[in-house]
Amino acid sequence: MGQNQLWRLTLVLCVVWALSLLYGEMVSYWVPLWSCSWPSLTSSSSSNGGDQVNVAVIADPQLMDKTSLSLPPKSLALEAAQFYTDLYMRRSFRSSILPFKPHVVIFLGDQFDGGPLLSDEEWKESLWRFKNTFYLLRKEETNIYYLSGNHDIGYSGVNSRSPKVVSLFEKDFGKRNHRFIAGEVEYIAVDAQTLDGPLQGKLSSSSWEFVQNISKEVMSRPRILLTHIPLYRADETPCGSYRSSPIINQRIRRSDPDQGITYQNYLSEETSARLLELIKPILVLSGHDHDQCTVTHSTPTGAVTEHTLGTVSWQQGNLYPSFMLLSATSIPSWNTTIPPEQAVSTHLCFLPMQTHIYIWYLFLFVVTLLLLLFWPVNGLSCPEPCNRLMSSIGETLRSIMVSHKEKDEDEDCEYEMMWDAEGSMHLVKKASAAPRMMNSSDNAFIGRGNVVARPTARKTATQEGEVSVTVDMTADVKVDDIGKSSMFYRSKAGKVIRRFVRVFRLLAFIAAINLPLYMMLLFKDWNDH
């Protein structure tokens, strides 16, 4: 009964592992499809979704490279980290974002992690990985727009001395400062890394020239400001309910002697106010912080909401990766005097919590190990329906695991004592076939070589029979050794060893069922084009 229930437990664990892998590697990426939807505009004419443009917004993919971790380039650990990080974003984009069929996709910067420090060859490799991760981005189906981030081209203290990285970015992702129209909303993308740089610098001056030219135009459509670095906010400003990490206050560092920016987590207060005044956006979208934050800025023309999006990667310090669905009006009759909520509407969506999934795998492994190791010998009671279900499957499992059956037979087998011609005694396992019975007259020893057989003694019997078989012996076992062997067989150490052997075999069985499933899921997601 105990062995039957042990195999039933193993079967249950196999099912739990299979369901966990299916959810963690596939089903969890469908959850955003059930919990998210395109937001509707407050205008009744746009409520059916036919008069709006759908925009998916993604922040900080930040593909890992040699600068991401303190690991040697091309090391196995770094390659594994890159693989699983890219795989997560690929699955998220393919299964959680693209099924919404966005008309436009916007990346808010930091496509790479160590852009300014990459060689030309390493830049090409990162670019290939980025395209492979977001492989379904086709120009003929979806319009894609990119912002530059500090991990792409560096802050002004870096890119002013390394114009090469700026050229690489603009060649592969488009201009640093640009604008585009989707529906009846205009999007203004600025290179925030250069705005607080030296005004006499070429990159900084070109960014401000771009902003000033826009301000001189008559605003015929509502505008959305896109900036990688968030606008200024006072220290300890609340970020809303979606924030999961502590608030980070303003930090800014400059280099000598030109005072170029080497790090900043928000734009300066002066720069932020000037942007809002010149562009007059109805909404601001930013990234960089890797965590969600919603704040409201006061301007002379009214309040403006800024949404800072969390990273889309599970390896960038946020346990709750996310993306945004944005609906924008496409009705030409709208003008700039309409309320912002009638022009655009947003919905923040969360992706699978990959760290929690891996923690669950680890927890399940520990529980599996402990159950198999300490499961009672006599088993536990099981309801009658459970007994009937498991018995039918357990019979199949026992027929597969023949070696387990042989182990059980070994514990009930018969042994006999043998003496050789020199008088030494040997303990020999009795043959499984029925021995030939001898008459009482057959008292003569039957010899083969130097060993003879005498009347046998069963391991568990109390009567002596007159059974004799011919046996080959190749090693001498003394009477003292027999006692020690028997004592060890019954000792706690022997039981522990047998228990660990049993656990190893059952773990191997569970792995044999679930590892192919796991590999199939990896292969499917990485090679499905």
Exercise. Report in % the part of the accessible area of the range 198-325 that belongs to carbon and sulfur, leaving out ligands and nucleic acids; probe 1.4 Å.
Key: 52 percent
Self-check item: Two-site FRET efficiency, residue 353 against residue 200, from Cβ-Cβ distance with R₀ of 45 Å, rounded to 0.05
Solution: 0.45
Practice problem: Would you please put 246-252, 153-159 in order of how densely packed they are, using the mean number of other Cβ atoms within 10 angstrom per residue and starting with the highest? | Solution: 153-159, 246-252
Quiz item: Once a ≥ b ≥ c are taken as the square roots of the eigenvalues of the Cα gyration tensor of the range 134-257, is the result rounded (a/c under 1.5), prolate (a/b larger than b/c) or oblate (a/b not larger than b/c)?
Solution: rounded
Exercise. May I ask you to compute the full-extension gain from residue 519 to residue 74, defined as 0.36 nm times their residue separation minus their alpha-carbon distance, rounded to one decimal in nm?
Key: 157.9 nm
Quiz prompt | Net lengthening on full extension, residue 501/residue 268 (0.36 nm per residue, minus Cα-Cα) | solution = 77.4 nm
Quiz item: Under unit Cβ charges (Lys, Arg +1; Asp, Glu -1), what dipole magnitude, rounded to 20 debye, does the range 49-157 have relative to its Cα centre?
Solution: 360 debye
Quiz item: Along the range 128-135, what does the Karplus equation 6.51 cos²θ - 1.76 cosθ + 1.60 (θ = phi - 60°) give for ³J(HN,Hα), rounded to whole Hz, x for Gly and Pro?
Solution: 4, 5, 5, 5, 6, 5, 10, 6
Practice problem: Highest first, please rank the peptides 66-77, 19-30, 302-313 by the mean number of other Cβ atoms sitting within 10 Å of their residues. | Solution: 302-313, 19-30, 66-77
Exercise. Can you grab the distance from the C-alpha centre of the range 224-277 to the C-alpha centre of the range 199-219, Å, no decimals?
Key: 19 Å
Self-check item: For the range 21-41 versus the range 80-148, the gap between their alpha-carbon centres in whole angstrom
Solution: 20 Å
Quiz prompt | Calculated on alpha-carbon atoms, Rg and Dmax of the range 62-131 in Å | solution = 13.4, 41
Exercise. Work out how much length residue 341 to residue 12 would gain on full extension: take 0.36 nm times their residue separation and subtract the Cα-Cα distance, in nm to one decimal.
Key: 113.3 nm
Quiz item: Rank 497, 97 by accessible area, highest first, at a 1.4 Å probe radius?
Solution: 497, 97
Quiz prompt | Separation in nanometres of the label points that stand 7 Å from Cα toward Cβ, at residue 365 and residue 81 | solution = 1.9 nm
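The values are calculated or read from the model by the stated rules, or taken from the named source; none is laboratory data. Keep in mind it's a predicted model, so treat the numbers as computed, not measured. Backbone-built Cβ (ideal geometry, glycine too); neighbour counts: all protein chains shown. Accessible surface areas use protein heavy atoms only, side chains included; no ligands, DNA or RNA. Shrake-Rupley method; radii C 1.70, N 1.55, O 1.52, S 1.80 Å.
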